[in-house]
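Novice: Please read through the structure below; I'll follow up with questions.
Quick note: the coordinates plus some simple rules give every number you see, no bench work behind them. Predicted model, so just to flag it, every value in this text is computed and none were measured. Glycine also receives a Cβ, built like all others from the backbone with ideal geometry; neighbour counts cover every protein chain displayed.
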Amino acid sequence: MANGQFGMIGLGTMGRNFLLNVAEHGFSCVGYDLDDSKRQLLMKDGAGMPIDVGASVSEFLDKLASPKNVMMLVPAGPIVDSVINDLLPHLKEGDLIIDGGNSHFTDTERRQEMLAARGIAFLGVGVSGGEEGARHGASIMVGGDPVVWERVRPVLEAASAKVDGEPCAAHVGRGSAGHFVKMVHNGIEYAMMQLIAETFDLLQKGFQISDDKAAEMFEKWNHGDLNSFLIEITAIVLKKKDEDGKPLVDKILDTAQQKGTGKWTSEIALEFGVPIPTIDSAVSMRQISALKQERVAAAEKLGIAQNVQVDETLGPDVVHFVETGLHLAFIAAYAQGFSLLRVASVEKSYELHLAEIVKIWRGGCIIRSKLLDTIRAAFVADPDLPNLLVADNLRDTIRKEQNLLKATVKFALAADVPCMSFGSVLNYIKAYASDHLPANLIQAQRDLFGAHTYQRIDKDGTFHTADWETVQKTDITT
């Protein structure tokens, strides 16, 4: 096969499946991987499709039509730079490289600048959906030059998931916007997963609900307002039995790993001054979970964990408040992510279209849910919405559900079940919707010890009090 329209470097699970997806839609494709067994597996799985492979970088590129469209699906970091360096001697002005991995947006900016100086186009593209999405339709977030996007738009839209006939692939913004949006997507994913984990913990320890019964509940919830991919797979996971017939999930070590995108989201939110406490708490809980030996030792030494005997009359019939609390917590997780995107759009000159981002998250991606239709409508109605918590079409839901979220947190505390992310949601909503916070005291303290000044509610200007009453200091050496 000659004149391939689309090339893929990295034929692991994601790259191979993505290329098979593209080829299945009628585009001629060429793949390359250092591992010959992966090249052969692509040819085997792609039998009958317009697919070929190259045994070397030069042979791979020779089989692509010019200008060349080359996508990489390789691990983020130095490997991406290594692949680019291998490609550069063989590329000409006007050729295109697409990075479809989870690269940090600052690396994407650096690569864009370096390649632009050589006349090579570059798109940073976030891809969500895992192996299934890569093969049958992913959510594809494209950042970079919109003119370059139009060049590969037919291919990427074809390979994307579809919802109501609309492709879940779009140009989300300029520069490194594609990888930035994917990073925030993953931060929201961290929050939702932690909230589901805390819900499961509460069902087990607070209500003494078995894994099988919990699976039934999550399955039922997935047919209601909580309909989402993560709720769906939670039911699947809880149903799975090990060889001895016992739940497999209970035999999995309770240490959650992470690849860094959640931490990156927290770091940039701190830099931009955007509060995302539920995403932060989810990152923290993964970090705490990794301290398994320390946790076991602390549990034994402190002895503060209690085996609380809850009211036996409480059971699955009254657990609806937890379901509702989780629903509101999901809203808050999305709200925090989109508030960060809104600020980043200005700070980074991304020109993000939030309603378009919501549209492509509705299918294929890990955080797809029924809620996204409501969220999309909110941004269509008001593109400049400062926070989803004040969206007109969510106001009644938040008012109705906040008391049940409070009940969920209170029950978790009574049952002695950690609920850091649930607690962060409740306090985030309460603080954001408060017309007065005690920050006035903090400003007074800052002015006393550092002359940092303050503003007043009764007059304009900036003020400093030079004669705060002298604080009596205690000599701690005595």
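Novice: Considering only Cα-Cα distances, which of the following residue pairs are longer than 22 Å: K182/K263; K241/K292; K162/K359; K251/K301?
Specialist: In this structure, K241/K292; K251/K301 lie more than 22 Å apart at Cα.
Novice: Continuing with this model, one more query. Could you list H185, H320, H90 so that the one with the fewest beta carbons within 10 Å of its beta carbon is first and the one with the most is last?
Specialist: Least to most surrounded, the residues fall as H320, H90, H185.
Novice: Continuing with the same structure: What is the spin-label model distance, in nm, from Q258 to E59 if the labels are put 7 Å beyond Cα along the C-beta direction?
Specialist: The two pseudo-label positions are separated by 4.3 nm.
Novice: Another question, if that's okay. Suppose R0 equals 41 Å. What FRET efficiency, 1/(1 + (r/R0)^6) with r the Cβ-Cβ distance, do H25 and D392 give to the nearest 0.05?
Specialist: That pair, H25 with D392, gives E of 0.55.
Novice: Still on this structure, I have one more. In whole angstrom, note down how far apart the Cα centers of region 142-201 and region 3-23 are.
Specialist: So the separation of the two Cα centres works out to 19 Å.
Novice: Please give the contour-minus-distance gain from I304 to H452: 0.36 nm per residue of separation, less the Cα-Cα distance, rounded to one decimal in nm.
Specialist: Gain on stretching I304 to H452: 49.2 nm.
Novice: With an 8 Å cut-off on Cα pairs and a minimum separation of 6 or more residues, tell me the relative contact order of region 6-175 in percent.
Specialist: 20 percent
Novice: Can you quote the Å³ per residue value for the convex hull of the Cα atoms in region 6-175, rounded to an integer?
Specialist: Per-residue hull volume (Cα only) is 101 Å³.
Novice: For helix 229-239, what angle does its Cα long axis make with the longest principal axis of the chain, in degrees from 0 to 90 and rounded to 10?
Specialist: 80 degrees
Novice: Now a separate question. Are there any GluC sites (Glu not before Pro) in region 14-102 that are in a DSSP loop and have at most 12 other Cβ atoms within 10 Å? List them by number.
Specialist: E93
Novice: While we're on this one: Just name one of S424, G130, H90: the one whose Cα is farthest towards the positive end of the charge dipole of the chain (beta-carbon charges, Lys/Arg +1, Asp/Glu -1).
Specialist: H90
Novice: Shifting gears a bit: Quick one: Karplus J couplings for region 393-408, per residue in order, coefficients 6.51, -1.76, 1.60, θ = phi - 60°, nearest Hz, x for Gly and Pro?
Specialist: 7, 10, 4, 5, 4, 5, 4, 6, 8, 5, 5, 6, 5, 4, 5, 5
Novice: Moving on to the next point. Could you compute the FRET efficiency for K162 and D467, with r as their C-beta to C-beta distance and R0 at 60 Å, rounded to 0.05?
Specialist: The pair K162/D467 has a calculated efficiency of 0.30.
Novice: How big is the charge dipole of region 334-419 about its Cα centre, in debye rounded to the nearest 20, if each Lys and Arg gets +1 on its Cβ and each Asp and Glu gets -1 on its Cβ?
Specialist: That gives a dipole near 280 debye.
Novice: Shifting gears a bit: Round to the nearest 0.05 the FRET efficiency obtained for I288 and K213 when R0 = 25 Å and r is the Cβ-Cβ distance.
Specialist: 0.35
Novice: While we're here: Identify which of the listed values of volume of the Cα convex hull per residue in Å³ was calculated from the structure shown: (i) 325; (ii) 222; (iii) 150.
Specialist: Matching entry in (i) 325; (ii) 222; (iii) 150: (ii).
Novice: Quick one: net charge around E109, please, counting Lys, Arg +1 and Asp, Glu -1 for every other residue with C-beta under 12 Å from its C-beta.
Specialist: Net charge around E109: +1.
Novice: Report the antiparallel proportion of the DSSP beta bridges in the chain as a percent, rounded to a multiple of 5.
Specialist: Here the antiparallel bridges make up roughly 30 percent for the chain.
Novice: Enter the angle in degrees (range 0 to 90, nearest 10) between the Cα long axis of helix 105-116 and the first principal axis of the Cα atoms of the chain, meaning the one along which they spread out most.
Specialist: 30 degrees
Novice: Among L385, A169, F463, whose Cα sits farthest toward the positive end of the charge dipole of the chain (+1 at Cβ of Lys/Arg, -1 at Cβ of Asp/Glu, about the Cα centre)?
Specialist: In the chain, that residue is A169.
Novice: If you don't mind, there's one more thing I want to ask. Would you mind working out the magnitude of the charge dipole of the chain relative to its Cα centre, with +1 at each Lys and Arg C-beta and -1 at each Asp and Glu C-beta, to the nearest 20 Debye?
Specialist: The calculated dipole for the chain is roughly 220 debye.
Novice: G325: net charge of surrounding residues, Cβ under 13 Å, Lys/Arg +1, Asp/Glu -1, itself excluded?
Specialist: Net local charge, G325 excluded: -1.
Novice: If the only charges are +1 at each Lys and Arg Cβ and -1 at each Asp and Glu Cβ, what is the size of the charge dipole of region 183-432 around the Cα centre, to the nearest 20 debye?
Specialist: The dipole magnitude comes to about 240 debye.
Novice: Another one. Name the residue farthest towards the positive end of the dipole of region 183-432 from the options L230, A297, S281, assuming +1 on Cβ of Lys and Arg, -1 on Cβ of Asp and Glu, about the Cα centre.
Specialist: Highest projection toward the positive end goes to S281.
Novice: Still on this structure: So what is the 222 nm mean residue ellipticity for the chain from helices alone, if each DSSP H run of at least 4 adds -39500 (n - 2.57) and you divide by all residues, rounding to the nearest 500 deg cm²/dmol?
Specialist: For the chain, the value works out to -17000 deg cm²/dmol.
Novice: Shifting gears a bit: Taking 0.36 nm per intervening residue step and subtracting the Cα-Cα distance, what contour gain separates N403 from H353 on full extension?
Specialist: 14.7 nm
Novice: Moving to a separate point now. Roughly how far apart, in whole Å, are the Cα centres of region 360-421 and region 233-271?
Specialist: 22 Å
Novice: Taking the Cβ of I360 as the center, what net charge do the other residues with Cβ under 12 Å away carry, scoring Lys and Arg +1 and Asp and Glu -1?
Specialist: +3
Novice: Angle check, please: helix 36-45 long axis (alpha carbons) against the longest principal axis of the chain (alpha carbons), in degrees 0 to 90, nearest 10.
Specialist: The angle comes out at about 80 degrees.
Novice: For a quick check of your reading of the filter: which trypsin sites (Lys or Arg not before Pro) in region 389-478 sit in a DSSP loop and have no more than 14 other Cβ atoms within 10 Å?
Specialist: Here the trypsin sites (Lys or Arg not before Pro) that fit, given the DSSP loop and packing criteria, are R456, K459, K473.
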